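Enquirer: Let me begin by handing over the structure; questions about it come next.
The values are calculated or read from the model by the stated rules, or taken from the named source; none is laboratory data. Just so it is clear, the structure is predicted and the values come from calculations on it, not from any experiment. Don't worry about glycine lacking a Cβ; one is built from the backbone with ideal geometry, like all the others, and counts go over all protein chains shown. Keep in mind that these areas ignore ligands, DNA and RNA; they rest on the heavy atoms of the full protein, side chains included. Shrake-Rupley method; radii C 1.70, N 1.55, O 1.52, S 1.80 Å.
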Amino acid sequence: MDLNKIHYLTKHVFLCKTAWGRLPKMHVLGRRYMNFAKPNSQCVEVGTRSPYPKQRLNTESLKAISSVPCRQARAFSMTACIFKSKNHSTDQDSLQEEEDEIDEAEIEELFQQQIPTGVGEEDHHRIFIVHPDVKWGSRKQYLTTAALQMDEAVGLVNTLQNWSVIEKIILSTKTPEKKKIFGKGNFQTLTEKIRATAGVTAVFVNVERLSPSSEKELQEAWGVKVLDRYSLVLHIFRCNARTKEAKLQISLAEIPLLRSRLRNEVENLDQQGGGSRYIMGSGETLYEVQQRLLKERELKIRSALEQLRRKRHLLRSQRKHKDFPIVSIMGYTNCGKTTLIKALTGDAGLQPKDQLFATLDVTVHAGQLPSHMTVLYVDTIGFLSQLPHQLIDSFSATLEDVAHSDLIIHVRDISHPETVNQKVNVLNVLKNLQIPERLFNTIIEVHNKIDLIEGYRTSDPEVISISALKEHGLDVLTEKIEDAVVRSTGKQTMTLVVQLNSPEIAWLYKEATVQAVDDVGDDCTANVKVIISQAAYGRYRKLFRVT
């Protein structure tokens with residue numbers, strides 16, 4: 001390896017044991033990066049100036065650097081491709097195939113590369129939950145209570161395997177915008193209680209998002225990791241992610257978290273006199289290098305998501321060409337969306353789970369309406385209150401399918417004590433997704449889990465009441481869906497006189513919904529009742545010369 005290559009490497013890797021000792025144990029760039037950066041010798045000097053104690057590059061160090069595998073180098077910098085062989089094929093067709101096909105191993109590498117520090121580093125956590133009860137102002141929640149919000153916080157923690165709640169407290173505050181959230185007296189009382197509780201490994205502050213400075217100050221005061229709703233929900237997503245798209249979207253949503261923690265770590269280094277210094281003559285500070293690496297990672301994730309978005313667009317075009325109506329099932333997390341789709345389609349492959357965020361990916365399932373019309377039911381990610389818009393934005397590629405639906409069904413867990421608040425949150429998210437007005441105005445509201453409420457009644461004639469688990473009320477729901485789909489898609493019901501000895505009847509079965517066939521006599525004709533779109537009817541008339 002020549003000196004230019006070594007200089008290139010030192011622009012990306014901090015090869016100094018002295019500096020290594022100053023960095024936090026779990027660095028924001030992740031274990032993979034820091035293991036790669038950890039040197040075998042005291043320091044590397046290759047004709048560049050370093051602010052740290054120096055030692056000439058010895059033969060063993062040179063061998064260690066030159067033996068670094070290319071795959072590992074790619075984990076932290078796209079510019080590290082200098083280590084690739086010059087004989088590597090650059091055939092244009094091969095490059096095009098590689099660009100079109102998203103490599104699963106590469107996505108897994110991006111997913112595992114930079115896990116937000118402190119969340120899930122242990123196999124289990126014993127959580128102390130703190131819920132700030134805001135008394136007034138813009139942050140006060142008027143459609144719920146502090147006790148119900150605490151119950152949801154407990155549910156979030158219990159969703160994670162081997163995580164448990166060992167203590168919880170609701171504490172009033174008039175200053176939620178301050179770094180410490182609470183007033184001096186309440187904060188002192190809370191700190192003493194946390195420190196006196198044995199076995200606490202993390203504190204979950206039940207707020208939407210803590211600022212980096214607030215998170216840092218709380219961690220210093222309590223001596224344990226501090227989580228907010230954003231970081232906790234992201235970790236739940238990470239544990240449940242199975243597909244390439246889910247992993248990419250979660251990785252994208254983690255970028256703001258990584259950036260904020262990077263700022264905290266650099267502040268710590270600045271206090272020690274090392275954060276703002278240049279790295280071995282590269283002209284970049286440690287902070288600038290890490291910011292650039294995060295930016296490169298973000299661009300790579302967005303590029304992969306764009307490829308998946310194009311594939312989704314192609315699939316939507318194919319479904320549209322086949323004239324299948326699309327019905328999106330939306331709702332708050334754990335309201336019974338997957339259970340309803342299983343009841344409507346009979347799909348034995350669906351396995352609903354009684355847990356938050358069991359579904360992270362859009363899945364499509366075919367079902368038939370009473371008229372024998374085939375529709376596609378789209379199962380979507382559930383929503384949650386008090387989540388930053390960045391998290392929803394990261395899943396925009398998935399939620400695009402909703403905006404291209406013919407109908408939206410809003411499922412509500414009517415047995416939940418916060419059902420009204422949940423409804424408001426779901427509708428607000430749909431508005432933020434810029435759902436077309438015609439689609440928003442035709443949403444069918446479904447009250448699920450009515451079997452859990454004794455003597456349940458509703459006075460709203462537009463609401464459909466069901467129990468998806470016990471399959472009660474599904475007949476009324478499917479009739480409502482059919483009527484709404486016919487209106488939204490512009491399909492029409494008509495009776496056609498068809499020659500039975502011609503390909504007409506087979507074509508209609510393929511391109512339309514045949515409801516009934518009535519034989520009218522001995523002339524080989526029949527009256528065929530169909531539901532057909534205007535486009536399909538135009539093709540039928542042209543193909544069979546019907547006037």
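Enquirer: Got a number for carbon plus sulfur as a percent of region 129-186's accessible area, 1.4 Å probe?
Expert: With neighbouring chains kept in place, the figure for region 129-186 is 49 percent.
Enquirer: Of all DSSP beta bridges located in region 110-257, what percent are antiparallel, nearest 5?
Expert: The antiparallel proportion sits near 0 percent.
Enquirer: Also, I was wondering about something else. Counting only protein heavy atoms and a 1.4 Å probe, tell me what percentage of region 380-538's accessible area is made up of carbon and sulfur.
Expert: 48
Enquirer: Using a probe radius of 1.4 Å on heavy atoms only, what accessible surface per residue do you get for region 460-527? Whole Å² is fine.
Expert: Heavy-atom accessible area per residue stands at 58 Å².
Enquirer: Right, here's the next one. So how do 296-309, 368-381 stack up, highest first, on mean other-Cβ count within 10 Å?
Expert: 368-381, 296-309
Enquirer: Carbon and sulfur together cover what percent of the accessible area of region 202-262 at a 1.4 Å probe radius? List each step's numbers first, then the result.
Expert: Working: 720 of 1440 Å².
On region 202-262, the fraction of accessible area on carbon and sulfur atoms equals 50 percent.
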